[in-house]
Amino acid sequence: MYNTGPNALARDVAVVTGAAGSIGREIAVGLAENGFDVVVACRPGAEARCANVTSSLWSMRRRAAGRRFYIEPIDFSACLSVGAFVQRVSARYGARLVAIVQAAAVVPPKSGERILTGDGMEATFQINVLGVYALMVGFQSALERSVSVVNVASTFAGGMETTDLQLTSRVFNPATAYSQSKAAVQALTWDAAERYNGSGFVY
């Protein structure tokens, strides 16, 4: 176990995706309170918002004093952006990285509109599932040295149809797209936990 108390080593760094959301914000600040410097993965163009969120919360949490938040852009709807994020984080923080928390997710619009990313994928599937997978693959060497990983799923996870993950054969339904994307995150996490000897993975 890593020392996550008030006297944790300054070199410990945690990556948090989705830190602009309510769950991700609390996770990021909670990690800072427990001694980690935090890499806040933020959508390109929203860096100022992420900085404002973390600084305002940080100022209210005195236990986070002395910790640092690093804003790093990432667009989960673009595979090239995920790859570039991994390269930057690996180069800048290297062996300091001890934890990755993946809380980023998108909920499809209630209008039922099926949205495609620039990569040609259904947005819910690419951001919620492929993004999680791509980040784990990108940080494979870190995972092999037992970096802890938390993939945030949902109580709504379920109903995964493996032959139609992007809802191309069925009428697009936002609730179905979201619930099966989170079920897929669970499956990816279970597989990764087994692949990396069952240590360091929770969902």
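The values are calculated or read from the model by the stated rules, or taken from the named source; none is laboratory data. Predicted model, so just to flag it, every value in this text is computed and none were measured. Cβ coordinates were reconstructed from backbone atoms using ideal geometry, including for glycine residues, and neighbour counts include every protein chain displayed. For accessibility, only protein heavy atoms count, side chains too; no ligands or nucleic acids. Shrake-Rupley method; radii C 1.70, N 1.55, O 1.52, S 1.80 Å.
Summary table
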{"read-out": "Rh by Kirkwood over Cα pairs, then Stokes-Einstein D for segment 107-200 at 1.306 mPa s and 10 °C, µm²/s", "value": "114"}
{"read-out": "Amide H partners (placed H, <5 Å) of residue 101, local residues excluded", "value": "15, 16, 17, 150"}
{"read-out": "Solvent-accessible ranking of 50, 79, largest area first, probe 1.4 Å", "value": "79, 50"}
{"read-out": "Local net charge near residue 38, Cβ-Cβ under 9 Å (Lys/Arg +1, Asp/Glu -1)", "value": "+1"}
{"read-out": "Segment 64-170 - charge dipole about Cα centre, Lys and Arg +1 at Cβ, Asp and Glu -1, debye rounded to 20", "value": "540"}
{"read-out": "Vicinal HN-Hα couplings computed from phi for segment 87-93 (Karplus, 6.51 cos²θ - 1.76 cosθ + 1.60; Hz; Gly/Pro x)", "value": "4, 5, 5, 5, 6, 7, 10"}
{"read-out": "Net +/- balance of residues flanking residue 151 in space, Cβ distance below 15 Å, scoring K and R +1, D and E -1", "value": "0"}
